[in-house]
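Input: a single structure, listed below in structure tokens.
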Amino acid sequence: MPDLEYIFHPGSIAVVGASPNSGRTAAFLGSLIQFDYKGKLYPIHPKASEVSGLKAYPSILDVPGPVDHVICLIRAAFTPQLMTECAAKGVNLVQFFTAGFSETGEEEGIRLEKEIVEIARHGKVRVLGPNCMGIYYPSLGISYQPFFPKESGCVGFLSQSGGNSMDLVMLGAARGVRFSKVVSFGNACDISEADLLEYFADDPETKIIIGYLEGTRDGRRLVQALQKAAEAKPVIMLKGGRTEAGTKAAASHTGALAGSNVIWESLFRQSGVMQAYDMDELIDLVLLFQHLSPPQGRKIGLIGIGGGSSVLLTDSCAEERLIVPSFPDEVRRGLREIIPKEVDPGTTVRNPVDLSVLGWNPDILSKAIQAVAAYDEIDSILVHFGLHAGALNPRFRKSVAADVDALIKAKRNLNKPLVIVLHDDHVSEVTKFSSDIQERCRQADIPVFPSFNRGARAMSRFVQHYER
């Protein structure tokens, strides 16, 4: 495979079809300006002399200097002429936001796609797409949306869908996930999912690889690429088109051959790839690989505030094949010294540990975590508490903040994975407070989950990955 590193480091980018009156211009040219892209930017428009404060040119051939990367926003019918000009100009990569090619299933769209690929190959130009959003590489100031985070991270993401790539970046951003590189590759007429998997496997900026796939044009090559990637790094894939109806939707979306869901699941399992079943689960799993060291096993210690909540959490863990062992007498005696029953009879110390109202005492919470972690038969710890309308009270917020400080401090001295389930009642101000807590925990490498089921499922699948 030719090295793809150069497609992430263009010295100049031309946006063909940039217009003073186009919203697409804001998404592409405007994003590059907003991200302070350091290379040269060239709007291409047949009549406009200026777009977004930059001098515009009638065609690629009129640009005075070299053009490394072209973003195409014009209609599909005009793309063969553009590709001919790009080949003559010595362009390295053409990314087609333009749709209307093989994904339509219509003869004219299929013919046009074949034509631009043929011209590109003769001219030694790589093609990304068509029907895609392109590249998000925050380290170099390349983005296709102005509202994406400008901070880079360690997650590489390849997506057959442009819309899903945008949704996942923002979903990840809200939960503390940052990306090394994101590539939306659409119909994959040239640069494919296999190319990108092989690239990410060797990319030193990428520590975790995730992807959204609808299908493939080359199953044998994809198998090899998945195996190579999974041998190098954690790989988590979300497969679209798992049902008969979804398969039809995938064919009309990106022209993908979705194939049998049983085959895809077997492929992922045999390649050592984790399969996520929705975007929330994809981010849940990323959080664990991003923040935690590998767990030693399935035995989990549960600590929280609220007896009923502790019961529900225990059910969620058991249903996901996590083991919630009862503590022996010596551990329970140690916990009782920290959590005196005479102060609050509502507390329990069997596992789950219910701290009741004493859980809002940061010293007690911290010591309880350390006591549970010291028990050799526990492999990881999950702490849960909820935020309700009482979080609007400044005194309650102060108690929560103190507990979070205690969690972060306790985590520094643990040699076992620690995660939190933090659920709120969706009151807007409480949710904002909850987001602030999540960000503090993210900075301390503590994953936070919004529900018992999602926390338990993610932890179980995280353990399963290392069991395999």
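Remarks
- Percent antiparallel among DSSP beta bridges (both partners in the chain, rounded to 5): 15 percent
- In this simple spin-label approximation, LYS38 and VAL343 carry label points 7 Å from Cα along the Cα→Cβ vector, and these lie 5.5 nm apart.
- Taking label points 7 Å from Cα along the Cα-to-Cβ direction, GLU467 and ASP376 give a separation of 2.3 nm.
- Exposure proxy order (Cβ contacts within 10 Å, fewest to most) of ASP62, ASP376, ASP445: ASP376, ASP62, ASP445
- Degrees, to the nearest 10: 329-338 long Cα axis against longest axis of the chain: 90 degrees
- Contact order, relative form, for the chain: 10 percent (alpha carbon pairs under 8 Å, 6 or more residues apart, mean separation divided by residue count).
- Simple label model, 7 Å out from Cα along Cβ direction - GLU108 to ALA48, nm: 2.6 nm
- Averaged over residues, the count of other Cβ atoms within 10 Å places the peptides 137-143, 428-434 in the sequence 137-143, 428-434, highest first.
- The chain - mean residue ellipticity at 222 nm from DSSP helices (-39,500 (n - 2.57) per run, n ≥ 4, rounded to 500): -13500 deg cm²/dmol
- For the peptides 344-351, 67-74, 163-170, the ranking by mean Cβ contacts within 10 Å, running from highest to lowest, is 67-74, 163-170, 344-351.
- The range 189-198 - phi-based ³J(HN,Hα) in whole Hz, Karplus 6.51/-1.76/1.60, Gly and Pro as x: 6, 9, 5, 10, 4, 5, 4, 6, 4, 5
- At R0 = 60 Å, FRET efficiency that the Cβ-Cβ distance of ARG440 and SER59 yields, to 0.05: 0.70
- For the range 32-47 versus the range 395-413, the inter-centroid distance based on Cα atoms is 46 Å.
- Residue order for TYR37, TYR42, fewest other beta carbons within 10 angstrom first, comes to TYR37, TYR42.
- Relative to the longest principal axis of the Cα atoms of the chain, the long axis of helix 394-412 lies at roughly 80 degrees.
- One Cα centroid belongs to the range 161-236, the other to the range 100-151; the line between them spans 15 Å.
- Cβ charges +1 (Lys, Arg) and -1 (Asp, Glu), total dipole of the chain, debye: 540 debye
- Neighbour counting of Cβ atoms within 10 Å sorts the residues ILE300, ILE33, ILE437, fewest neighbours leading, into ILE33, ILE437, ILE300.
- Rounded, prolate or oblate (a/c below 1.5 giving rounded, otherwise prolate when a/b exceeds b/c) for the range 261-401 by Cα gyration tensor: prolate
- 0 to 90° range, to nearest 10: angle between helix 162-174 axis and the chain longest Cα axis: 30 degrees
- Its Cα gyration tensor gives the range 1-151 an equivalent ellipsoid, and the semi-axes of that ellipsoid, as √(5λ) in whole Å with the largest first, are 23, 17, 16.
- Subtracting the Cα-Cα distance of ASN413 and ARG220 from 0.36 nm times their residue separation leaves 64.8 nm of extension gain.
- Peptides 93-100, 269-276 ordered by packing proxy, namely the average of other Cβ atoms within 10 Å per residue, highest first: 93-100, 269-276.
- Of (1) 25.5; (2) 24.3; (3) 22.4, the label for Kirkwood radius over Cα pairs in Å derived from the coordinates: (2)
Throughout, read-outs are computed from the coordinates displayed, never taken from laboratory work. For clarity, every value in this text was computed on a predicted model and none was experimentally measured. As a convention, Cβ positions derive from the backbone with ideal geometry for all residues, glycine included, and neighbour counts pool all protein chains shown.
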